[in-house]
Every structure is written in structure tokens, then in C-alpha cells.
Amino acid sequence: LTFVFTLPEFYALYVQFDLHPEKVVFNKTNVSGIRWFLWDSQFGRFASSGPITRSSSDVLFYLHTLLWAFAPWCLLFYYSVYENVKAIIIRKKQREYYSFSGGIVLLLLFSVSRFQLPFYTNAIFPLFAIITAPVCVDRLSHFAVKFRQVGLWPYIILLPVAVLCIQYFSHSGHIAFLIADIIIFGAATGLLLVKNDSMVIKTFSLACIASLFANFYLNTVFYQELSDYKGEIKAADYTNQKMFDPYQNYVLSPENNIFQFYSKKQVSIMSPDSFKHFKPQYPSLFYVNHKMMGILRSMHVDFKVVKAFVDYPQENIQPVFINRNTRKQVLDSVYLVTK
């Protein structure tokens, strides 16, 4: 069934790439789309031998990434892994092995891979949750109960503190959402402390509240602030205005960019050399990133900048960006130009 349902993908790649060896992909010709799909995009990344590579890797990358990515349950997850490994070694029968074997084997594969990104583990978070859940609800030894309490309290304290620090340094707007966040989850915390006497339930619930508090803030306040610095989206929204309906859209870079996805019209790719000699028959807009703008200027190409947009080009949110006083250090610009 996997093969049958993948056939349309094979066909599309064959038609788009394998039938056109003259196409330039990753600065090469004779590139097979099927080979890339089956090998380079998978094992090529694992060994960092494909067209998309990373210069360095860290075996411990995901161990410290999970501390924030799987918050507030990461320390309990590590303890649960320890308990599962110990049980397997002493041949104690487990309720099931699928979650543990599937989650841990994939985590190990990701860890030894030469190409690592934080969100790769998102796909196995459900397995991590199943592994961790028993530690949250089962009867445990005295030491395990103490560890469960200790393992959650750093997140209960640090997540709200992190939110307040981010707000202080970033000076983000949308204050109404921040106030609503504080009121809602502050009230929930107060009710919990008054209505419940069990310290185990209080600690577990406070960890949930802290996590919800932080995520509510990120999604309603900070990510709204971040979106103002996504020049690709702003440029696409600008071209989607009615006055640009007669225009044809192009990008002057084969690199992937989200301008193409947010544009409501078809976007064609044009090389800098073709742009230099291009004489448009219809009104045209060309999306140009910061790097490509430098190339065009070095080629002394004639063009007119229609509008420039501030852009934060990184995937990860850096502390330098969070601090509004140093934010300019990691910003550049993207452009819409015409001829």
C-alpha cells in the first residue's frame, strides 16, 4: 500500500525532473527527482552527503533540545526511559514495547544524523507522551515520587519567568493578550491552590498551567511580533493587492522561499542572467532576497525597487532578535523590484 500510494509522487518527480535532465537543480544538471526522493532527501541528510548539508552535528543535540521542546515533561520522560531500560535489562515484562522501541530508536537515529533541526522530533512526541504518561499517574517508589515533583517545578517557575523576560526585552505589543493571559492562568492557579489539597495533583496541574501560559503568550503576542519581521510574507501580501492583479510575479532565486506560498498568483522562477536581459511585455514584479540583491548590484543590472521589507531570515529565534536593542544585528531586507 505504501508503494501504491507513493506512485503519484514518483510519477510527478519523473515528469518534472527525470524527463528534463537539462534543468539546473542545486547548481547541477541531470538531477533525478526520484533518486532525491528515495535517497538524497533521507539518507543523504543522515550522512550529510546530499545536496542539502550541514557543516556540524552534535550527538547530544536532541537531549538538550527536548528540555524546552518537550517541556514541561522532559525530565519525567528521561526518568521513564531509564525505568524502561532497567525493566528490559532485568527481563521484566512490559505492557507494550511499540512506543518505547519506536520513539527511542528514532531519537537515536536523529541524534547520530549529520543533519539536525529541532522540529524533527515533533513526529515522535506522541510516542514520548505514551512513554512518559505512566510516570505521571502510576504508583511510584518514594524516590520516583520526589523526582516527579522536582522534575516539574523548574518548568513551573521558569516558563512564566521566561515569558516575562521575553516581554521585557522584546517590548512586544498586543498587551491586551498578555493581560488576558495573566488573568486567565493566574485565576486558574489561584483556584487550583485553594480547591485542591493533593500536592501531586497541584504540581501536575501547575505544570500544565505554566505550559499553557507560555504557549498562549507565544502564539498571541510574541509570534505576532515575529510575523512583522517575515519579509517574504509581507511582500506576498503586498502583491496580493487588487492594484497588482495585472502583474506577473517572479522570484529571482531557485532557493525555497515562502513568498511563493503566500502569493495568490502563480510565481515563476527567473535566473539573474535572464533578468538582466529580460524585457517584460506585461507589468511584472520580481521578489529579490537580500543575497540576490547583492548579486544584481554587482552585475550592474537596471531595475527599480518598488518596496523593501524588513526580514528576519533565521529559522531559530535567537536571543539577539528577542532583545529589541540588538535586533537590527540579525535583520536584513527583501525587495519587490520591477524593470
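Worth pointing out:
- When you work out D = kT/(6 pi eta Rh) for the chain at 37 °C and 0.692 mPa s, using the Kirkwood radius from C-alpha pairs as Rh and the Stokes-Einstein form, the result is 135 µm²/s.
- DSSP bridge pairs, the chain: antiparallel proportion in percent, nearest 5: 60 percent
- Between helix 98-112 and the chain: long-axis angle, C-alpha atoms, 0 to 90°, nearest 10: 50 degrees
- Dipole of the chain [Lys/Arg +1, Asp/Glu -1 at C-beta], most positive-end residue of Phe309, Leu7, Gln94: Gln94
- Largest accessible area first, the listed residues Arg95, Arg297, Arg139, Arg114 line up as Arg139, Arg95, Arg297, Arg114 when surface is computed with a 1.4 Å probe on the assembled protein chains.
- Estimated FRET transfer efficiency when R0 is 30 angstrom, pair Lys276-Leu158 (beta carbons, to 0.05): 0.05
- When peptides 175-183, 200-208 are sorted by average Cβ neighbour count within 10 Å, with the highest value leading, the order is 200-208, 175-183.
- Highest-first arrangement of 157-165, 11-19, where packing means the average Cβ count within 10 Å: 157-165, 11-19
- Rg over Rh for region 53-187 works out to 1.05, using Cα positions for both radii and the Kirkwood form for Rh.
- Thr29 accessible area, 1.4 Å probe, all protein chains in place, Å² to nearest 10: 70 Å²
- Between the helical axis of 142-170 and the longest alpha-carbon principal axis of the chain there is an angle of about 40 degrees.
- Taking the Cα centre of region 198-339 as origin and assigning +1 to Lys and Arg Cβ atoms and -1 to Asp and Glu Cβ atoms, the resulting dipole is close to 260 debye.
- Compared with the alpha-carbon gap, the fully stretched path from Tyr11 to Ile269 is longer by 90.6 nm at 0.36 nm per residue.
- When the C-alpha to C-alpha distance is required to be over 24 Å, none of the pairs from Lys242/Lys307; Lys23/Lys291; Lys28/Lys291 qualifies.
- Distance between the C-alpha centres of region 293-336 and region 67-144: 41 Å, rounded to the whole angstrom.
- A Cβ-based charge dipole, computed about the Cα centre of the chain with Lys and Arg at +1 and Asp and Glu at -1, lands at about 280 debye.
- For the chain, adding -39500 (n - 2.57) for each run of n ≥ 4 DSSP H residues and dividing by the number of residues yields -15500 deg cm²/dmol at 222 nm.
- Length, then width, then depth: along the principal axes, the Cα atoms of region 220-288 run 45, 27, 15 Å.
- Charge dipole (the chain, unit charges on Cβ, about Cα centre) - positive-most of Val337, Met292, Tyr79: Tyr79
- Ordered by solvent-accessible area of protein heavy atoms (1.4 Å probe), largest first, the residues Phe259, Phe3, Phe61 come out as Phe3, Phe61, Phe259.
- Per residue Cα convex hull volume in Å³ - calculated over region 122-182: 132 Å³
- Where Rh is the Kirkwood radius over Cα pairs, Rg/Rh for region 172-299: 1.28
- A simple spin-label model places pseudo-atoms 7 Å from Cα toward Cβ; at Val310 and Asn323 they are separated by 1.7 nm.
- For region 64-222, size of Cβ-based charge dipole, Lys and Arg +1, Asp and Glu -1, in debye: 580 debye
The values are calculated or read from the model by the stated rules, or taken from the named source; none is laboratory data. Quick caveat, the model's predicted, so the values are computed rather than measured. Here the Cβ is made from the backbone with ideal geometry for all residues, glycine too, and neighbour counts use every protein chain on show. When the accessible area is computed, the model is the full protein with side chains, heavy atoms only, and any ligands, DNA or RNA have been set aside. Shrake-Rupley method; radii C 1.70, N 1.55, O 1.52, S 1.80 Å.
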